[in-house]
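Quick notes on the structure that follows.
The values are calculated or read from the model by the stated rules, or taken from the named source; none is laboratory data. On a predicted model such as this, the values are computed, not experimentally measured, just so you know. So basically every Cβ, Gly included, is an ideal-geometry build from the backbone, and we count neighbours across all protein chains shown. The accessibility values were calculated without ligands, DNA or RNA, using every heavy atom of the protein model including side chains. Shrake-Rupley method; radii C 1.70, N 1.55, O 1.52, S 1.80 Å.
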Amino acid sequence: MQEGKYNIKAVSKLLDIQPGTLRAWERRYKFIEPVRNESGHRLYTEKHLQILKWLINKTEHGFTISQAVALLESTGTLATEVSETTRKDEQMIKLSDQLIEALLSFNENKVHMLISQAFSMYTLEQTIVDILGSILVQIGDKLERGEITSAHEHFASNILKSRISSVMYTIPTNGFLPKALTVCAPGEKHEFGLLVFTVFLKHKGYETIYLGESIADKDLFTVLKIIRPSYLFMSCSLKENLDGTFKLVEALTKDFPDLKVGLGGAALSLISAEIHTVFSEVLMGDTQSEWEEWLKG
């Protein structure tokens with residue numbers, strides 16, 4: 001619980017909070033103090049995540065952050081509430097740790113059993129974002145640090161994607177909501193983020209057609225003419241694919257003026273301020289709250 005495991009980018013994604021907001025809260029209210037690694041970067045513990053999750057929940061229910069922090073520092077009924085939240089979080093952490101161990105041991109039967117257990121214990125969103133999404137972040141970090149091989153990462157990502165896909169196709173949609181098409185941006189093969197977003201869309205009732213890995217531009221234009229969706233969503237995770245992605249957006253805007261295009265993915269955090277201004281209308285952000293706001297626009 002006290003070991004620093006998550007950098008600020010991972011915390012931002014897991015808890016749906018902007019890094020700037022998190023830094024501002026820490027400076028002003030000093031309710032947590034992240035540990036630092038050898039490079040001086042913040043690392044958050046499981047306990048930090050529990051506190052932050054509790055505070056964010058309070059702000060979503062009408063509290064200001066200062067009121068939520070004051071509650072956190074008070075006594076009485078809060079202690080019971082935090083204790084219950086901690087107990088539930090510890091259950092989720094234990095299940096996640098067991099899943100990671102099974103994945104890194106290539107124990108496919110146990111992996112499927114634990115994932116089924118997660119879906120039975122938690123909501124669809126909690127299972128996909130808080131458990132499976134968190135696991136993929138941790139495995140990615142382990143690969144970057146050289147603690148596991150690419151074989152471990154491939155096995156884990158493939159099995160997690162297959163389970164999310166199987167759930168995605170069972171979610172009922174609302175025929176009165178706009179139709180959407182989701183596909184990876186040109187040159188992209190990393191589907192996990194797109195899968196999570198597609199589940200988000202379908203869970204909201206959007207009739208969503210998922211294509212997965214990138215397809216040839218001409219093929220995409222053909223599909224758009226056949227399906228005629230209101231939305232096209234693309235995910236770009238690699239910096240080298242940004243130029244091709246933005247060129248495609250320009251072509252799509254010209255040929256399909258009524259089509260609303262949305263872009264997401266890790267690579268978009270690397271674009272210049274100038275590019276951000278030019279393509280601001282299609283940039284959706286990284287968090288579910290930002291996706292909600294973009295869809296309302």
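Remarks
- Against the chain, whose longest principal axis is taken from its Cα atoms, helix 242-255 shows a tilt of about 50°.
- Estimated [θ] at 222 nm from DSSP helical runs (n ≥ 4, -39500 (n - 2.57)) normalised by residues in the chain, nearest 500: -18000 deg cm²/dmol
- Its Cα gyration tensor gives the chain an equivalent ellipsoid; the semi-axes, largest first and in whole Å, are 33, 23, 20.
- If both residues of a DSSP beta bridge must be in the chain, then about 15% of such bridges are antiparallel.
- When each of K94/K202; K110/K239; K58/K202; K53/K161; K9/K94 is checked by Cα-Cα distance, pairs over 24 Å: K94/K202; K110/K239; K58/K202; K53/K161
- Helix 134-144 axis, angle to the chain major axis (alpha carbon atoms, nearest 10°): 80
- Accessible area of the chain belonging to carbon and sulfur atoms, whole % at 1.4 Å probe: 52
- Cα-Cα pairs of the stretch 104-228 separated by more than 16 Å (percent): 66
- Relative contact order %, the chain, counting alpha carbon pairs below 8 Å whose residues are six or more apart: 12
- Of all the options M92, M121, M234, the one that moves most in a Gaussian network model of the chain with Cα springs shorter than 10 angstrom is M121.
- Tilt relative to the chain, helix 108-121 - C-alpha long axis, 0 to 90 degrees, to 10: 80
- 15 Å Cα-Cα reach of K225 towards aspartates and glutamates, excluding residues that sit fewer than 8 places from it in its own chain: D217, D255, D258
- Cα gyration tensor shape for the stretch 166-262, rounded if a/c is under 1.5, else prolate or oblate: oblate
- Solvent-accessible surface of the stretch 146-216, averaged per residue with a 1.4 angstrom probe and all protein chains in place: 44 square angstrom.
- Two-site label geometry, V35 and S289: point separation in nm, points 7 Å out along Cα→Cβ: 2.8
- Span from the the stretch 257-297 Cα centroid across to the the stretch 211-244 one, whole angstrom: 15
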